[in-house]
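Below you'll find the structure, written out as structure tokens, and then a few comments.
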Amino acid sequence: MNQTFPPQFERDCDTALGWITRFRAEDASEDDHRAFALWLAADAGHREAMDLMLELWDDLGSVRHLPFEEPLREAPANRSRRGWLGAAAALAASLAIAAFILPMTTNQEPPDYFQTAVGERQTVVLEDQSRVTLNTDTRIEVSFKRSARDITLLRGEAYFEVRTDPDRPFQVNTGSADVTAIGTAFNIHIYDGMTDITVTEGVVRVSERDKPAGRPAQTAILHADEQLQASRRGLGQSYRADTAADIAWQQGELIARELPLAQLVGELARYHDNRILISDREVATLTVSGVFDLDHPESVLLALERSFALEVERLDDNTVRLLKPRQ
């Protein structure tokens, strides 16, 4: 029986097939390796495609027997399950090439990975004594070589305290920017295709990662207490940062300064599996200021209830709804 797949899933598998041909090429670079890792972590759909690949691995036996010498051809829009078995196997092959063959061809040690769960914070001391503090639900890849110190922020938010080493630049790569430190401390948060960079000490250079054709790549220099937002459209203008608020998460705090309640609830959702629902637009647009304890969500609900006379309706063990007070 034929089985069709959503268009986005087809596009994800087509992208994976493109990675296969790239990794088969002799000129595949370390940037290709990092970009591949970013693609895998950028969207839950990419990981779902990988889950399918792993599920089908046993069905296929081994990708070693695939006819790699045959050129990849465009498949019709509605593919059979048999056709997608081949696509999934090709995705498996791309992972094998990326994870094993490419590091050997570049003569470098496999990267180290560090990550935190939802609600967790962790400080990692790297081999050069630089420190990285990971915020909730964050994952990084660390690859140190003789001539460079490369970190890829795959998801989440991290604070970097960098030891100076002129002979080995310290660079953090995100989906939209490369951030090079010059003996400094800075915070990076990636979300929804955006990258927020806040410098607390020293200087960093920010470079556009994937520039559109037809114009030079954008670069910017950020000093202490400056912030910049990068996206796939380029680099935004730098501006003065609210540094205390941006790094308050390290102390388990969320500092809100006239923040819409809906945005505050969205920030809290990063740190807990509990859900806070809002009843209507009037409640959602209430502006909130204060310092909130990220480790104790019940105290946040109590503060909101008292400050705005809101009614808190508990729907189940993990879900509450904020309502306007009854008249």
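The values are calculated or read from the model by the stated rules, or taken from the named source; none is laboratory data. Quick caveat: nothing in here was measured; it's all calculated off a predicted structure. All Cβ positions, even for glycine, are placed from backbone atoms using ideal geometry, and neighbour counts span all protein chains on display.
Regarding Leu277, is this residue under 20 Å from the mean Cα position of the chain (by Cα) and at pLDDT 90 or above? Let's see the steps before the verdict.
Numbers: under 20 Å from the mean Cα position of the chain (by Cα): no; at pLDDT 90 or above: yes.
Answer is no for this residue.
Limited to region 159-170, what total is found for residues that are at pLDDT 95 or above and touching a Ser or Thr at 6+ places or on another chain (Cβ under 6 Å)?
Count: 2.
Condition first: in contact (Cβ under 8 Å) with a residue 40 or more places away in the chain and not in a helix (DSSP H, G or I). Now tell me which residues in region 253-266 satisfy that.
Listed by number, the residues that qualify are Glu253, Leu254.
Going by the structure shown, is Ala89 modelled with pLDDT under 95, out of contact with any Pro (no Cβ under 8 Å at 6 or more places or on another chain) and not in a loop (DSSP other than H, G, I, E, B)?
For Ala89, the condition - modelled with pLDDT under 95, out of contact with any Pro (no Cβ under 8 Å at 6 or more places or on another chain) and not in a loop (DSSP other than H, G, I, E, B) - is met.
Quick one: would you say Thr180 is under 22 Å from the mean Cα position of the chain (by Cα), within 28 Å of Gly266 (Cα to Cα) and in the same structural domain as Tyr239 (by TED's automatic domain parsing)?
Working: under 22 Å from the mean Cα position of the chain (by Cα): yes; within 28 Å of Gly266 (Cα to Cα): no; in the same structural domain as Tyr239 (by TED's automatic domain parsing): yes.
When the stated conditions are applied, Thr180 does not pass them.
Can you find a residue in region 158-172 that is in a strand (DSSP E or B), polar (S, T, N, Q) and either surrounded by 23 or more Cβ atoms within 10 Å (Cβ to Cβ) or out of contact with any helix residue (DSSP H, G or I) (no Cβ under 9 Å at 6 or more places or on another chain) (or both)?
yes
So if I check each of Val142, Val124, which one is over 16 Å from the mean Cα position of the chain (by Cα) and assigned to a strand (DSSP E or B)? Break it down into steps so the answer makes sense when it comes.
Working: Val142 fails: over 16 Å from the mean Cα position of the chain (by Cα).
One residue alone meets the criteria, Val124.
If a residue must be more than 14 Å from Asp112 (Cβ to Cβ) and in contact with a Pro (Cβ under 9 Å, 6 or more places away or on another chain), how many such residues does region 132-163 contain?
2
Within region 267-325, track down each residue that is surrounded by 14 or more Cβ atoms within 10 Å (Cβ to Cβ) and assigned to a helix (DSSP H, G or I).
Glu267, Leu268, Ala269, Val283, Ala284, Pro297, Val300, Leu301, Ala303, Leu304, Glu305, Phe308 - these are the residues of region 267-325 that are surrounded by 14 or more Cβ atoms within 10 Å (Cβ to Cβ) and assigned to a helix (DSSP H, G or I).
So if I check each of Arg275, Arg270, which one is outside the structural domain of Ala177 (by TED's automatic domain parsing), closer than 30 Å to Arg205 by Cβ and in contact (Cβ under 8 Å) with a residue 24 or more places away in the chain?
On the way: Arg275 fails: closer than 30 Å to Arg205 by Cβ.
The conditions single out Arg270.
If you go through region 113-128 one residue at a time, do you hit one that is surrounded by 19 or more Cβ atoms within 10 Å (Cβ to Cβ), among the β-branched types (Val, Ile, Thr) and under 19 Å from Val179 (Cβ atoms)?
Checked region 113-128: no residue is surrounded by 19 or more Cβ atoms within 10 Å (Cβ to Cβ), among the β-branched types (Val, Ile, Thr) and under 19 Å from Val179 (Cβ atoms).
Looking at (1) closer than 25 Å to Val118 by Cα; (2) free of Cβ contacts under 8 Å to residues at least 12 places away in the same chain, which is the only condition Ala185 fails?
(2)
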